[in-house]
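Written out below as structure tokens is the structure these notes cover.
The values are calculated or read from the model by the stated rules, or taken from the named source; none is laboratory data. Since this is a predicted model, take the numbers as computed values, not measurements. For neighbour counting, all protein chains shown are included, and Cβ atoms are generated from backbone atoms with ideal geometry for every residue, glycine included.
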Amino acid sequence: MKRKACMAVVTACLAALWAAGTTAATDPRAGKPEGERIALWPEGKIPSFEAHQYNAPFIEWFVPSNKTTDAVMVVTCGGGYSICNWVPGGSLGGGLRDWLLAKGMTVVRLHHRTPRPKKVEKHVTAWQDAQRAIRLVRAGAAAHGVNPDKIGFIGYSAAGHLALLMALSSQTNAYEPIDEIDALPCNIAFSVPVYPSYVLSDGANGKNAHGGDRAEDVILPEFKFDSGTCPVFFLHGDADGYSPMASIKVYSRLHAMHVSCELHVFALRDHDFKSKGATKGKFLGWRPILWDWFVQTGLCNDVSR
């Protein structure tokens, strides 16, 4: 199919998905649309459909007025794959979105299916949604003034696991193609897994009662470290019950592959970066460090001055 004809088909698909999104049932955590909301799947075409799940997943575009980069960040939230815990003012929900927008970066919110599926592994339907989301972002990149080769993905906790899947296993299709959009690749340019869980072989629920230092704990096989593996920016607290060794072991593997990555393990920080030290409250000091990584890798300009 010629490029113009292919893009015409993709545009038609996007228009149909936008229309589907306007009539989708709501979810308490989905909230009211704040940006351009697009349904992930055409009606009746959701892969691995399970009736007990919220089956109106979507992406939502937010474009800054003072755009400083043509990179785009896909943001999704954790919740053990049982909820997609978007909080408008939360540090890794709307708060992160607003911070990135203020910096001049386009943001796409992903609200994936929950609760956990019953017929496939806990992460599969969210992984399908994430792959579809990247393809939709790539299809809509030109219309939103972003580079389809500068798509990033950030998530925390269970969504940190998802961010690693997107970074390390993009050559494994999580679902069979349903339309022309699925002919687009789902690889990403950079990934930010924030205190990811479910990474090591330390228990079915990812909770590590052993402090994350057992020699026999290994990286789970869903992480392929394939040819599409991208640079990763790791964030973890050393007091996190979901092992900080997960980030360290994945970083070590990527370092051996000569993939340029960055790793930060913060002292006395638990899951969600809650303090176990003298300083109370959540830690947000990682945000400028993340932007500095963007600058160092050439994704963004230094807008701190």
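Return yes or no: is ALA126 within 13 Å of CYS77 (Cα to Cα), hydrophobic (A, V, I, L, M, F, W, C) and part of a helix (DSSP H, G or I)? Yes; evaluated as a whole, the condition is true for this residue.
Restricting the first member to region 118-130 and to residues that are farther than 17 Å from ILE38 by Cβ, and the second to residues that are among the polar types (S, T, N, Q), the beta-carbon pairs closer than 8 Å and six or more apart or on different chains are LYS119/SER48; VAL120/SER48; VAL124/SER48; THR125/SER48; THR125/GLN53; ALA126/THR114.
Summed over region 230-269, the residues that are over 19 Å from ALA159 (Cα atoms) and outside any loop (DSSP other than H, G, I, E, B) give a count of 6.
The combined condition, being of a type outside the set (Lys, Arg), modelled with pLDDT of 95 or more, part of a loop (DSSP other than H, G, I, E, B) and under 16 Å from ARG135 (Cα atoms), is fulfilled by PRO42. Figure legend. Inter-residue proximity from region 132-148: first residues crowded, with 17+ Cβ neighbours inside 10 Å, second residues of a type in the set (Ser, Thr, Tyr) and assigned to a helix (DSSP H, G or I), beta-carbon distance below 6 Å, spacing 6+ or different chains. No pairs are indicated.
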